[in-house]
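First comes the structure, then the notes that go with it.
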Amino acid sequence: MARILVVGCGAIGGLVAARLTEHQGAEHAVEALTTNDAIARAIQEDGLRIVGVEGESVAPVRCVRAASGTYDWVLLSTQPPQVEAAARDALPFLAPDGAMVCFQNGLVEERVAAIAGAGRVLGGVIAWGASVKEPGVVERTSHGGFAVGRFDGRDDPRLRELATMLEPIGPVDVEPDLAGARWSKLAINCAISTLGTIGGDRLGALMKQRVVRRLALEIMTETVHVARAEGVELRKVSGTLDLNWLALRENERRGGSASLVAKHSLLLAVGARYRKLRSSMLYAIERGRAPAVDFLNGEVVERGARHGIATPVNAEAQRTVHAIAAGERPPSAQTLRDFAARVL
């Protein structure tokens, strides 16, 4: 029986741990590790409750405060700022032929590979949404699955096993170019998660505003330019979002083109599909934790500087999120309007 350790019981980790417990109990021993007292107590007393688009269920998740023994799989489900510490803590408990799987947004596989070795790190790009309603209660806000692969593009027989293991959560594609998928998801998260943090609202309400859609397009355009400079071939996310097409052309910035209308329409559709999605960065700030903006927009800014590519919208977004985290500004519609006035 393979042993699985899910590190983190927030939105992603909580749902993953619950579904694996429900569907893999006969084949795998699943444990969920959290350092959050309220979450641990809620799960130990009442189980881990999942609500949302799939209905309601309660999973008897085995919640632990520390790793023990040897694990075949370590599923890293923390926020990006905590992933390197989580990887270091879990590494002594990883089986020699085991794998760590990164579920974070951003380009964290490279950071974890520096700790555990590239051959022991797999990545999972998540194409579904979830949020924490309260300790021990996770809301799944949208359907979707995973793209799994290695950041270095190598084939790995463990990917098929990982795909089979995750199928109860959603459809899984084994992605031969995980870096391309990661960069596409990075572009989307730099827009959606960060604007959700600044505006303090769910995605559906935000995307109804034209100025928010324009900000999203500008953020994604800068990210696409940096990805190209990095030599990355962007992959479609969930088979639908073509970031190369979404990136703004100069004539579109002047407005009035049919292609710009089509891009706004696509973002409206994304907002409608993921309308209940709430930024995990905003949740982290509310809990007094560091936001992941340095791993998202900050990554774009830093790598853009290396290539001499200007990224002013991502840079200002990064500064604004840090100001919110420091208590200098509230996450609000006014803060979002002020941000737009500075960059558009």
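What follows is calculated from the coordinates using simple rules that are stated; it is not laboratory data. This one's a predicted model, so the numbers in the text were calculated from it and none came from an experiment. As a convention, Cβ positions derive from the backbone with ideal geometry for all residues, glycine included, and neighbour counts pool all protein chains shown.
In the chain, with Lys and Arg counted as +1 and Asp and Glu as -1 at Cβ, which of these residues, Ala310, Ala340, Ile169, has the Cα nearest the positive end of the dipole, that is, farthest along it? Towards the positive end, the residue furthest out is Ala340. Most tightly packed first, judged by the mean number of other beta-carbon atoms within 10 Å of their residues, the peptides 336-344, 279-287 read 279-287, 336-344. Going by neighbour counts of Cβ atoms within 10 Å, the residues Ser193, Ser142 line up, fewest first, as Ser142, Ser193.
With the helix formula -39500 (n - 2.57) applied to DSSP H stretches of n ≥ 4, the chain reaches a computed 222 nm mean residue ellipticity of -14500 deg cm²/dmol. Note on the stretch 180-343: with charges restricted to the Cβ of Lys and Arg (+1) and Asp and Glu (-1), its dipole about the Cα centre is near 560 debye.
Once the Cβ-Cβ distance between Lys208 and Ala305 is put in as r, and R0 is 30 Å, what FRET efficiency do you end up with, to the nearest 0.05?
Computed FRET efficiency for Lys208 and Ala305 comes out at 0.35.
Counting only DSSP beta bridges with both residues in the stretch 1-127, tell me the antiparallel percent, nearest 5. So the antiparallel bridges amount to about 15 percent of the total. Compute the long axis of helix 80-90 from its Cα atoms, compare it with the longest principal axis of the Cα atoms of the chain, and write down the angle in degrees, 0 to 90, nearest 10. Helix 80-90 sits at roughly 20 degrees to that axis.
Relative to the longest principal axis of the chain, what angle (0 to 90°, nearest 10) does the C-alpha long axis of helix 312-325 take? That helix lies at roughly 50 degrees to the long axis. A 21 angstrom limit on the alpha carbon distance is what I want to check against. Which of Lys133/Lys208; Lys208/Lys263; Lys208/Lys276; Lys185/Lys276; Lys185/Lys263 exceed it? As for pairs spanning more than 21 Å Cα to Cα, those are Lys133/Lys208. Fraction of C-alpha pairs exceeding 29 angstrom in the stretch 180-343: 11 percent, rounded to a whole number.
Distance between the modelled labels on Asn244 and Arg337, one decimal in nanometres: 4.0 nm (7 Å Cα→Cβ projection).
Counting other beta carbons within 10 Å of each residue's own, what order do Cys102, Cys63 fall into, fewest first?
Ranked by crowding around the Cβ, least crowded first: Cys63, Cys102.
Looking at the stretch 185-235, the GluC sites (Glu not before Pro) that sit in a DSSP loop and have at most 15 other Cβ atoms within 10 Å of their own Cβ are Glu230, Glu233.
What you get for the chain, charging only the Cβ of Lys and Arg (+1) and of Asp and Glu (-1), is a dipole of about 1120 debye around the Cα centre. Per-residue 3J(HN,Hα) values for the stretch 44-59, derived from phi via the Karplus relation 6.51 cos²θ - 1.76 cosθ + 1.60 with θ = phi - 60°, read 5, 7, 10, x, 9, 9, 10, 10, x, 5, 9, x, 10, 8, 10, 10 Hz in sequence order (x marks Gly and Pro).
About the centre of its Cα atoms, the stretch 2-176 shows a dipole size close to 260 debye [charges on the beta carbon of Lys, Arg (+1) and Asp, Glu (-1) only; nearest 20 debye].
With a/c under 1.5 counting as rounded, go ahead and sort the stretch 143-236 into rounded, prolate or oblate using the C-alpha gyration tensor (a ≥ b ≥ c being the square roots of the eigenvalues; past the cut-off, prolate if a/b is larger than b/c, else oblate). Oblate, because a/c is 1.5 or more while a/b does not exceed b/c.
For the chain, take the longest principal axis of its alpha carbons; what is the angle in degrees between that and the long axis of helix 11-24, to the nearest 10 within 0 to 90? With rounding to tens, the tilt is 40 degrees.
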